[in-house]
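Chemist: So that we are looking at the same thing, I have put the structure below in C-alpha cells.
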Amino acid sequence: MSMMRRLHPLFLALFLFAPGAALAADARVELVNAETLCVSVPLGTDTGVTKESDFAAFSDDNDTVLLYPEELYGNMFWSRTLSPEEFSRLSPGSPVRAVTLPAEEHAELRKEGEAQKRALAARQEEARREATRKEIAELRERRGRLASGRDDLEARIASAEQALADEEGRLEWISSSEERDIDRALQNIQEYADKRDELQEQRNALSGKRPYPSAEINRLSAEIKRLNDQIASERDTIRSARDRKRSARSFYLSRRQEWQKLVAERNRATTEIRAIDRRIRELSGK
C-alpha cells in the first residue's frame, strides 16, 4: 500500500500535530538524493526527533508523502527510502510537518520503507549488472578488434623483418664495395699527387733555363693538368661512394624505424588486450 495519498481536509487537521515547541513550525525538505531516493529535513535529535517520529511532506499538488527518519543526526534527518513516484513529487522546499499515526499505520509505514529500500537495492543491483554486461560486451568487441589488428601487425612485422634483413645485407655489401673504391681512389690520388709534384719540380727547374724550353714546359704543364684532372675525378669517385654509403644507411635506418614502429604498435595492442582480459575477469567475478 503506498503511503502517498490525498488526505481529507478534516482528517488531515486531526492527523497533524506538534509534539513540542521545536516541531510546532513547519520544516521544509532541504536536500534530495536521487541515488538513494531519500530527502533530508532540518530536524534532528536536538529538536526532539526520534527514529519513531513520523512526518508528512507535501508536494506542490497537495499530495502527502509520509516519512520517518532513517538516518538521524542532531540537527537533521534523512528520510526512509521513497518509491520513485513519491520521490518525484518532492523537491527542496516541500513543506514537512510532524504527524501522529495509528500504531498499525506507523508499523505499515516502516514496513513499506524497508520494502522500498529492498526494491531500490534490487533495481540498483540490476542496473549494475546490466552496466557490467554492457561493459563486458564492449570490452570483448574492442578486444576482438585489437586481436585482429595485432594479427595484421604480426604479418606486417614478419614482412618488415625480412625487408630489414635484406636491407642490412645490401648495406654491408655497398659499404664494403664503396670502402674498396674509396681506398683505391685515395691510393690513386696519392700516386697522382706524387707524380704531379715531381713534374712540377721538373717544370720549375726548366723555367730558368735559356733558351726557354717552351715545348718541354708545355708538355709538363699538360701532364700536370691531366694529373690534376685525374685527382679531381678520383675525389668525385670518393664523394659519390660516400653518398651511396649514406643513402644505403639512410634507407636501412628507414626500414628499421618502420619495423620498430610496427613492433611498438603490436606491443601496445598486446598490452591493451591483457588489460582488457584483466578487466573482464574482474567484472565477471563480481
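Chemist: Could you list all residues from the range 36-76 that are without any contact (Cβ under 8 Å) to a residue 60 or more places away in the chain and under 42 Å from the mean Cα position of the chain (by Cα)?
Modeler: Cys38, Val39, Ser40, Glu70, Glu71
Chemist: Another question, if that's okay. Filter the range 54-108 for residues that are of a type in the set (Gly, Ala, Ser) and touching a Leu at 6+ places or on another chain (Cβ under 8 Å); which is modelled with the lowest pLDDT?
Modeler: Taking the candidates together, the pick is Ser59.
Chemist: Have a look at Arg123, Arg143 and point out the one that is without any contact (Cβ under 8 Å) to a residue 24 or more places away in the chain, assigned to a helix (DSSP H, G or I) and either surrounded by 13 or more Cβ atoms within 10 Å (Cβ to Cβ) or touching a helix residue (DSSP H, G or I) at 6+ places or on another chain (Cβ under 9 Å) (or both).
Modeler: After ruling out the rest, the residue left standing is Arg123.
Chemist: Within the range 71-114, count every residue that is crowded, with 16+ Cβ neighbours inside 10 Å and touching a helix residue (DSSP H, G or I) at 6+ places or on another chain (Cβ under 7 Å).
Modeler: 8
Chemist: Any residue at all in the range 154-169 that's among the basic types (Lys, Arg), in contact with a helix residue (DSSP H, G or I) (Cβ under 9 Å, 6 or more places away or on another chain) and more than 14 Å from Val263 (Cβ to Cβ)?
Modeler: No, because not a single residue in the range 154-169 is among the basic types (Lys, Arg), in contact with a helix residue (DSSP H, G or I) (Cβ under 9 Å, 6 or more places away or on another chain) and more than 14 Å from Val263 (Cβ to Cβ).
Chemist: Could you run through the range 248-286 and say how many residues are more than 20 Å from Leu153 (Cα to Cα) and exposed (fewer than 12 other Cβ atoms within 10 Å of the Cβ)?
Modeler: 7
Chemist: Which condition does Arg196 not pass, out of (1) in contact (Cβ under 8 Å) with a residue 40 or more places away in the chain; (2) surrounded by 15 or more Cβ atoms within 10 Å (Cβ to Cβ); (3) more than 37 Å from the chain's Cα centre (by Cα), if it passes all the others?
Modeler: Result: Arg196 fails condition (1) only.
Chemist: Considering only the range 142-153, I want to know if a residue exists there that is more than 19 Å from Ser254 (Cβ to Cβ), in the same structural domain as Ser254 (by TED's automatic domain parsing), over 26 Å from the mean Cα position of the chain (by Cα) and not polar (S, T, N, Q).
Modeler: no
Chemist: Exactly one of (1) under 30 Å from Arg184 (Cα atoms); (2) surrounded by 13 or more Cβ atoms within 10 Å (Cβ to Cβ) is unmet by Ala222. Its number?
Modeler: (2)
The values are calculated or read from the model by the stated rules, or taken from the named source; none is laboratory data. Predicted model, so just to flag it, every value in this text is computed and none were measured. Cβ atoms come from the backbone with ideal geometry, glycine included; neighbour counts cover every protein chain shown.
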